[in-house]
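Structure record follows, encoded as structure tokens.
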Amino acid sequence: MTSIEIRQRFLDFFKEKGHKIVPSSSLLSSDPTVLLTTAGMQQFKEYYLNKPSPYGNRVTSCQKCFRTSDIDEVGDDSHLTFLEMLGNFSFGDYFKTKTIEFAYELLVKKYKIPEFRLWITYFGGDENVPEDNESQKIWQKLGIPREKIFGFDRKDNFWGPTGEEGPCGPTTEIHFDLTQKPCPKGENCRPNCDCGRFVEVWNLVFNEYYQDKEKNLTPLKQKGVDTGMGFERLIMVLQKKSSVFDIDLSEPIIKEIEKNTQKPYNLNQKVYRVITDHIKGAVFLASERVIPSNVEEGYVLRRILRRAIRFSKLLDLPKIFLIPLAQKTIKIYQNVYPEIKSAEADILTIIQNEEEKFEKTLEKGLKEFDKLIETDLVGNKKIISGDKAFWLFETYGFPLELTEELAKEKKLEVDRKGFGKAFKKHQEISRAGAEKKFGGVGKEATYEAARLHTATHLLHQSLRKILGEHVKQMGSDITPQRLRFDFSHLSKMTTEEIDKVENLVNQKIKDNLEVKKEEMEHKEALESGALAFFREKYPERVTVYSVGNFSKEICAGPHVSQTQELNKFKIIKEESAGAGVRRIRAILEE
Ligand code: SER
């Protein structure tokens, strides 16, 4: 069975059981407390909390996921950062019996996995939540022997919530016996053993509780089910392969790498696998117009691209090698995710720009790293200082994690806290610079600044209207004379586009829209559609400025009260501000 057939069979099975097939949501999480989508249930989170589901109470999906938490494990047989997750979900409809029966029927009867290779875990209970005897009994009733069913604690068999709060509950997991041979632990070799004998394939979560920010559990009014099956792991089992990299969704990429190096896959597994995993994640993130940067999802993309480039050096791969691999990735997934085909040109531009940028400094940076070890770490010193790690970051574009990885290979550590301090100090210096421009903090709130702030909001929204919703703020700077606005967009703006944006801003000035200020919870602001950037740094309560019905943004201000106060807006320059980022300078004319 090909991966396409396996995916379809899953969705069809649950459709037959009355589930609605819902398309994968974006990799960029809709939950403001989580950066990326890490599980299929994320897009359905509120339907566990009594909000009616527009899809009905039984749904199924195949969800694109990205898990940075597993990045260090990538290279073994079963971990990935980019993966697809198959799931079925019930919002107050069926519960434990049906969930387990469905899973059993699909795996054993439909996919024909030999029952004797399935082992089960369930929640064994703790001081807050009782043992899940019910699940254990259902499995037994279906024919799984008691001695293949094991109770585990919270770490292994309790799931959620994603983000700071939300639905969660005990789980029962299905593990596949890959080797059928116990390790030296003998009888104690069981699911969750780290010897590699078992792979966890499917996690069935029974959402019975709500966990709040203080980690208190309260029973949910309506019980729900959230299941997640690692798609690549299922394929590995069904295609009888020994790793998630040997399946049809990865093999073409591995082969493409192998064609271009003297170093074979079987002797360099980890390196091949890291590159393969990271190129997939990069393609899918870039397809959502994420631009490599030093914050949030942009940083995740930068980190995996730079890590892939550095690993490609270990195989002596040619320069700008990620492009053919990205093309292979698009080919593999385009039938299922047509959006990556239509974004191909942008994806390749984003990746190539980052590759060219990093290629320029990588070799120098690596040399500096070696020098640093020789000169700074003489004697017994085992720690690279935060200042040095920050210097590598600033000067050579080394993500902190890359420096950590290089350090680890030499049995050294990096002072992470010190890096954080150096980073903060740098930010404070930049901020101080900005304050100086306005002649001190107090004076920053001058009328001119307020006018330019409001103009920035109008510009931002106009760019989104004229160029498209992919436009995202990447930076903004205001001096008494002008505003500067950086945003994600791949191509140079045409004169016509510039005119259109300028005209739209001026129209909104003429309309004399009212600027309204409101205070609200950060979450509420996002739900109301307010634009926000650098999400993580916002306090819980935020100020939201709306300009008529035209624009709504989280912002600290200051702003004018009516748009006519801006008089006339003029764009004086449109230029590149790095890969995939454009910069506009504009003024307000008297
Ligand atoms: N949310 C659970 C998981 O991600 C099951 O879907 O494992």
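So is T68 within 30 Å of the chain's Cα centre (by Cα), surrounded by fewer than 18 Cβ atoms within 10 Å (Cβ to Cβ) and touching a residue at least 40 places away in the same chain (Cβ under 8 Å) or not?
Details: within 30 Å of the chain's Cα centre (by Cα): yes; surrounded by fewer than 18 Cβ atoms within 10 Å (Cβ to Cβ): yes; touching a residue at least 40 places away in the same chain (Cβ under 8 Å): yes.
In short, yes.
Looking only at the stretch 350-394, which residues are under 16 Å from I309 (Cα atoms), surrounded by fewer than 20 Cβ atoms within 10 Å (Cβ to Cβ) and β-branched (V, I, T)?
T361
So which pairs qualify, if the first residue must be in the stretch 545-565 and over 13 Å from E448 (Cα atoms), the second must be among the acidic types (D, E) and crowded, with 17+ Cβ neighbours inside 10 Å, the Cβ gap must be under 7 Å, and the two must be at least 6 apart or on different chains?
Matching pairs, first to second residue: Y545/E553.
Out of all the residues in the stretch 208-250, which are away from the ligand (no atom under 16 Å from the Cβ), modelled with pLDDT of 95 or more and in contact with a helix residue (DSSP H, G or I) (Cβ under 9 Å, 6 or more places away or on another chain)?
Residues satisfying the conditions are I235, V237, L238, Q239, K241, S243, F245, D246, I247, D248, L249, S250.
When the residues of the stretch 501-533 are filtered to those that are under 18 Å from H559 (Cα atoms) and β-branched (V, I, T), which remaining residue is surrounded by the fewest Cβ atoms within 10 Å (Cβ to Cβ)?
Ranking the qualifying residues of the stretch 501-533, first place goes to V515.
Do you know which residues across the stretch 102-147 are within 30 Å of Y210 (Cα to Cα) and small (G, A, S)?
Those that are within 30 Å of Y210 (Cα to Cα) and small (G, A, S): A103, G124, G125, S135.
Scan I340, I320, I291 and give me the residue that is in a helix (DSSP H, G or I), β-branched (V, I, T) and touching a helix residue (DSSP H, G or I) at 6+ places or on another chain (Cβ under 9 Å). Please lay out each step first, then the result.
Numbers: I320 fails: in a helix (DSSP H, G or I); I291 fails: in a helix (DSSP H, G or I).
Criteria check complete, one pass: I340.
Looking at K112, K181, K155, which is the one that is closer than 22 Å to F10 by Cα, of a type in the set (K, R) and free of Cβ contacts under 8 Å to residues at least 24 places away in the same chain? Break it down into steps so the answer makes sense when it comes.
Details: K181 fails: closer than 22 Å to F10 by Cα; K155 fails: closer than 22 Å to F10 by Cα.
Step by step, each of K112, K181, K155 is checked, and only K112 is closer than 22 Å to F10 by Cα, of a type in the set (K, R) and free of Cβ contacts under 8 Å to residues at least 24 places away in the same chain.
Select from the stretch 159-176 the residues that are more than 11 Å from the ligand (Cβ to nearest atom) and among the charged types (D, E, K, R) and write down the one among them that is surrounded by the most Cβ atoms within 10 Å (Cβ to Cβ).
The extreme case among them is E165.
Checking F116 against (1) more than 26 Å from T38 (Cα to Cα); (2) in a loop (DSSP other than H, G, I, E, B), which single condition isn't satisfied?
Among (1) more than 26 Å from T38 (Cα to Cα); (2) in a loop (DSSP other than H, G, I, E, B), the lone unmet condition for F116 is (2).
Being over 28 Å from K241 (Cα atoms), in a helix (DSSP H, G or I) and either free of Cβ contacts under 8 Å to residues at least 24 places away in the same chain or of a type in the set (S, T, N, Q) (or both) is the filter here; which residues of the stretch 1-50 pass it?
E16, Q42, Q43, E46
Can you find a residue in the stretch 32-55 that is of a type in the set (K, R) and more than 14 Å from the ligand (Cβ to nearest atom)? Before you say what the answer is, go through the steps one by one.
Here is the first cut: in the stretch 32-55, the ones of a type in the set (K, R) are 45, 51.
Cutting the leftovers down to more than 14 Å from the ligand (Cβ to nearest atom) gives us 51.
Checked the stretch 32-55: at least one residue is of a type in the set (K, R) and more than 14 Å from the ligand (Cβ to nearest atom).
Being charged (D, E, K, R) and in contact with a Leu (Cβ under 7 Å, 6 or more places away or on another chain) is the filter here, so list the residues in the stretch 449-479 that pass it. Quick ask: steps written out before the conclusion?
Quick first cut of the stretch 449-479, residues charged (D, E, K, R) only: 451, 464-465, 469, 472, 477.
Listed by number, the residues that qualify are R451, K465.
What are the residue pairs meeting all of these: first residue in the stretch 79-97, first residue modelled with pLDDT of 95 or more, second residue within 14 Å of the ligand (Cβ to nearest atom) and in a loop (DSSP other than H, G, I, E, B), Cβ atoms under 6 Å, and 6 or more apart or on different chains?
That search, which allows pairs on different chains as well, returns T81/R67.
Going residue by residue through the stretch 85-92, is there one that turns out to be over 12 Å from the mean Cα position of the chain (by Cα), away from the ligand (no atom under 12 Å from the Cβ), among the hydrophobic types (A, V, I, L, M, F, W, C) and surrounded by fewer than 22 Cβ atoms within 10 Å (Cβ to Cβ)?
No: the stretch 85-92 contains no residue that is over 12 Å from the mean Cα position of the chain (by Cα), away from the ligand (no atom under 12 Å from the Cβ), among the hydrophobic types (A, V, I, L, M, F, W, C) and surrounded by fewer than 22 Cβ atoms within 10 Å (Cβ to Cβ).
I need a count of the residues in the stretch 177-207 that are more than 20 Å from E115 (Cβ to Cβ), outside any loop (DSSP other than H, G, I, E, B) and either away from the ligand (no atom under 16 Å from the Cβ) or small (G, A, S) (or both).
So the count comes out to 3.
Please find, among L412, L377, the residue that is hydrophobic (A, V, I, L, M, F, W, C) and modelled with pLDDT under 90.
Values: L412 fails: modelled with pLDDT under 90.
Answer to the check: L377.
I'd like to know if the stretch 128-147 contains one or more residues that are more than 15 Å from the ligand (Cβ to nearest atom), closer than 21 Å to C195 by Cβ and either of a type in the set (D, E) or in a strand (DSSP E or B) (or both).
yes
Consider the stretch 208-236. How many of its residues are without any contact (Cβ under 8 Å) to a residue 24 or more places away in the chain and either in a loop (DSSP other than H, G, I, E, B) or among the basic types (K, R) (or both)? Lay out the reasoning, then the answer.
Initially, the stretch 208-236 is screened for residues without any contact (Cβ under 8 Å) to a residue 24 or more places away in the chain, giving 214-216, 218-219.
In the following step, the residues that additionally are either in a loop (DSSP other than H, G, I, E, B) or among the basic types (K, R) (or both) were identified as 214-216.
Of the residues in the stretch 208-236, 3 are without any contact (Cβ under 8 Å) to a residue 24 or more places away in the chain and either in a loop (DSSP other than H, G, I, E, B) or among the basic types (K, R) (or both).
The values are calculated or read from the model by the stated rules, or taken from the named source; none is laboratory data. Everything numeric in this text was worked out from a predicted model, so none of it was measured. Quick reminder, even Gly has a Cβ in these numbers, built from the backbone with ideal geometry, and neighbours come from all protein chains shown.
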